[in-house]
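The values are calculated or read from the model by the stated rules, or taken from the named source; none is laboratory data. Quantities reported herein were computed from a predicted structural model and do not represent experimental measurements. Note: ideal-geometry Cβ built from the backbone for every residue, glycine included; neighbour counts use all protein chains shown. The protein model used for the area step is the full one, side chains on, heavy atoms only, and it has no ligands, DNA or RNA in it. Shrake-Rupley method; radii C 1.70, N 1.55, O 1.52, S 1.80 Å.
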Amino acid sequence: QVQLVESGGGLVQAGGSLRLSCSTSGFTFSGAAMSWYRQAPGKERELVAVIQSSGGTMDYAESVKGRFTISRDNDKNTVYLQMNSLKPEDTAVYYCNTVLRSLWGRRYEYWGQGTQVTVSS
């Protein structure tokens, strides 16, 4: 079955960096777009970054542009989120996400369990 497993979260001071990883299995990773979302306490889950299957196209939320970089390694079936210049407002649970479609066009959305990122001021 499809599995997404995040790692790399933790506690960091403002201005610091973290690198999140999402290891995947159970589907053709090289053919799937991958996304990172986050959810802060009391807030809705928001899209942070997305990378297309080839790795050639990435897009970011305005709040993280210039600070976060999404990348992927199709040989390792893993997607990464490099987070630099972290701010206290980046504190959230970060989730890995993908949406797959069956041969009949049915949509399946998958989430990892999340990894906590806490940025202290």
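Quick notes
- Taking each residue as 0.36 nm, the span from residue 108 to residue 2 lengthens on full extension beyond its C-alpha to C-alpha distance by 37.1 nm.
- Stokes-Einstein diffusion for segment 58-115 at 10 °C, viscosity 1.306 mPa s, with a Kirkwood radius from C-alpha pairs, works out to 117 µm²/s.
- Listed residues 73, 90, 59 arranged by accessible area, highest first, probe 1.4 Å: 59, 73, 90
- For the chain, built as a Gaussian network whose Cα springs stay under 10 Å, the top-fluctuating residue of 56, 42, 26: 42
- With the charge dipole of segment 60-121 set up from +1 on Lys and Arg Cβ and -1 on Asp and Glu Cβ about the Cα centre, the Cα lying farthest toward the positive end among the listed residues 79, 103, 66 is that of 103.
- Proximal aspartates and glutamates relative to residue 87, as straight alpha-carbon distance under 13 Å, when same-chain residues fewer than 8 apart are discounted: none
- Under 15 Å, Cβ to Cβ, from residue 79 - net charge with Lys/Arg +1 and Asp/Glu -1: 0
- A Förster distance of 41 Å, applied to the separation of the beta-carbon atoms of residue 30 and residue 118, puts the FRET efficiency at 0.80.
- In this Cβ point-charge picture (+1 for Lys and Arg, -1 for Asp and Glu), the chain has a dipole of about 140 debye about its Cα centre.
- Long-range tail of P(r) for the chain (Cα pairs > 18 Å, %): 48
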